[in-house]
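What follows is a set of notes on a single structure, which appears directly below.
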Ligand SMILES: Cc1cc2nc3c(=O)[nH]c(=O)nc-3n(C[C@H](O)[C@H](O)[C@H](O)COP(=O)(O)OP(=O)(O)OC[C@H]3O[C@@H](n4cnc5c(N)ncnc54)[C@H](O)[C@@H]3O)c2cc1C
């Protein structure tokens, strides 16, 4: 069992999840975060604190492809343990649909 | 693995086996490989408030224990349970024995409810009450009074919600929890019907988080209620977008509670705002709490109007936490943490977790503390040739202290799992002597 980050995180990247995650299983892309499924302990602490409501449990409808998406990018992106700057226009992207198609940046966060 | 760093390695004592203690140990093991790491805990059992604070019906949150168990078993960490600083050994003795001491002892004492009558029977602080239902040995004998129809909880944070929910749940709902057996029996026989959650300020100022609040609307036998005229129609100004979102969700919850029907429910959780307690009434035990209605004027609470009494046989105050000065160390002005500068108290002495920050943040917040302090220790401290565990062990032997190891804890845990009632994860042992009887001599 694991949780996964969905496209709702794209360009929002509030990073509240990092504060609540007890195992540091988040990885950082240019404009979103993902969860490494192997490291997630399924405690559920991140899901309710996400302002963008971007996190789902793997048994939610449609969650399976997000777990795979998270697995793929967790392997390519750096681990993130502490919150950095939140994008200035984050609020404007809350709940916007279709972000995966138009806004997603597969590049790892610059380190 | 060969030591790449020059010189001998440090020995470090960490005091308190809650989340902050484990995270600090993990970070130190990674940054200072080869250092001697001893985790000293006053109870024979580890995990601090994960075991004795987090609600017994929130078992997914408690799965975090597995993370700490993995830490304990993957690094070179010596767990030394049933040893209390200030009881069995002094902080000065510990500092003489170890190069570095890190305090992760939490801030586990209730802020006092300073009104007349607070010493009456039936009045408890949240630490005691929560400790009682969670089987903390300090509070196993509390035997709180659940024999009257009314209960009052003072405070507007998640701890108040935890207490209300545990009092409101049915035996069937609690069956999958690890609530202490004595608490399960008491709650099964409880006569409590009305549970009042009282706050000095309003629903927007309340510190409840939304998941916890929502959960109160989904109980089997209990209904959550609020007074329609106390729930504002709009949020008002001065909130960040994030606060607006969170508070809006809470208001939505309160509106549902305000529209709910009290009839046909065995128990009612009643939210009441803008009321401050002025006295606890009763001859020998609490019979009612007197409140004064308040208005918020320019952010300040001002009394106005006639006082009113809420009848109750149980009062739990959940109004915050205080720390006690371990080893006579200075406490910060706020009273809820040790005085420190970014985790450092003085050379060789550090602090993490609630003892450093005060009672704030989530379990994971303590991870950052542990990592920060480990960085500082690596940068600022070095081995001073102190004896470490050998000296501590000698002191404990001389004083006849029976300490528990991590293997002993695993034996205690196995006994608790074996004794679990059907559907429950464990049945907690609640007495230190019972636990020690299972530990190797
Ligand atoms: C009722 C309650 C419910 C909570 N629920 C949640 C929740 O659902 N989710 C969440 O994220 N957070 C929750 N929290 C917060 C969370 O428990 C804390 O963030 C966390 O436990 C703090 O960790 P700590 O290690 O600083 O302190 P603690 O967990 O308090 O650990 C301190 C340890 O030090 C030991 N100790 C103290 N004094 C001494 C001494 N003199 N010598 C030796 N050992 C000593 C104690 O026995 C204890 O084991 C809750 C807190 C409370 C009070």
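Read-outs: derived from the displayed coordinates by stated rules, not from any lab. As the structure is a computational prediction, the values presented were derived from the model and not from experiment. When we count neighbours, we look across all protein chains shown, and the Cβ atoms used for this are built from the backbone with ideal geometry, even at glycine.
Once you have the Cα-Cα distance between residue B:415 and residue B:237, take 0.36 nm times their residue separation minus that, and quote the gain in nm to one decimal. Spell out each step's value before the answer.
Numbers: separation 178, 0.36 × 178 = 64.08 nm, distance 5.48 nm.
Result: 58.6 nm gained on full extension.
So for the pair residue B:261, residue A:85, with labels modelled 7 Å out along Cα→Cβ, what separation do we get in nm?
Each label point lies 7 Å from its Cα, and together they span 5.5 nm.
Please give the FRET efficiency for residue A:1 paired with residue A:97, using the beta carbon to beta carbon distance and R0 = 22 Å, rounded to the nearest 0.05.
On the way: r = 27 Å, r/R0 = 1.24.
Efficiency, rounded to the nearest 0.05: 0.20.
Can you pull a Stokes-Einstein diffusion coefficient for segment B:227-368 at 10 °C (1.306 mPa s), Rh from Kirkwood over Cα pairs, as a whole number of µm²/s?
Rounded, D is 82 µm²/s.
How would B:123, B:331 line up from fewest to most surrounding beta-carbon atoms within 10 angstrom?
The order, fewest Cβ neighbours first, is B:331, B:123.
Over all residues in B:56-69, what is the mean tally of Cβ atoms on other chains that come within 10 Å of each residue's Cβ?
3
So in the protein assembly as shown, what percent of DSSP beta bridges are antiparallel if you round to the nearest 5?
Of all bridge pairs located within the protein assembly as shown, approximately 40 percent are antiparallel.
Using a simple spin-label model with points 7 Å from Cα along the Cα→Cβ vector, what separation in nm is obtained for residue A:30 and residue B:76?
Computed distance between label sites residue A:30 and residue B:76 equals 4.5 nm.
Which value, to two decimals, describes the C-alpha radius of gyration of chain B once divided by 2.2 N^0.38 Å?
Ratio of Rg to 2.2 N^0.38 Å for chain B: 1.05.
In segment B:190-230, which residues have a backbone nitrogen under 14 Å from the label point lying 7 Å from residue B:172's Cα in the Cα-to-Cβ direction?
B:219-222
Tell me the angle of helix B:64-74 to the major Cα principal axis of chain B, expressed in degrees between 0 and 90 and rounded to the nearest ten.
Helix B:64-74 sits at roughly 0 degrees to that axis.
Most fluctuating residue of B:390, B:424, B:175 in a GNM of chain B with Cα springs under 10 Å: which is it?
B:390
Please list log₁₀ I(q)/I(0) at q = 0.08, 0.10, 0.13, 0.18 Å⁻¹ for segment B:111-320, using the Debye equation with identical point scatterers on the alpha-carbon positions.
-0.27, -0.42, -0.72, -1.36
Of B:274, B:133, how do they rank once you tally other Cβ atoms within 10 Å and put the fewest first?
B:274, B:133
GNM on chain B, C-alpha springs below 10 Å: top fluctuator among B:131, B:361, B:157?
Its mean-square fluctuation being the largest, the pick is B:361.
Within 10 Å of each residue's Cβ, count the other Cβ atoms and sort B:93, B:220 from fewest upward.
The order, fewest Cβ neighbours first, is B:220, B:93.
Give me the inter-chain shielding for B:358-367: mean count of other chain Cβ atoms within 10 Å, whole number please.
4
On average, how much area does the Cα convex hull of the protein assembly as shown cover when viewed from any direction, in nm²?
27.6 nm²
Could you tell me how many degrees, from 0 to 90 and to the nearest 10, lie between the Cα long axis of helix B:158-168 and the main elongation axis, the longest principal axis, of the Cα atoms of chain B?
Between the helix axis and the principal axis of chain B, the angle is about 60 degrees.
If you fit an axis through the alpha-carbon atoms of helix B:365-380 and take the longest principal axis of the Cα set of chain B, what angle between them do you get, 0 to 90°, nearest 10?
So the helix axis and the longest Cα principal axis differ by about 30 degrees.
Identify which of B:280, B:412, B:115 has the largest mean-square fluctuation in a Gaussian network model of chain B, with springs joining Cα atoms closer than 10 Å.
Fluctuation is largest for B:115.
Could you work out the mean count of beta carbons from other protein chains within 10 Å of each residue's beta carbon in A:41-48?
Values: counts 7, 3, 11, 5, 7, 2, 1, 6.
What the average comes to for A:41-48 is 5.
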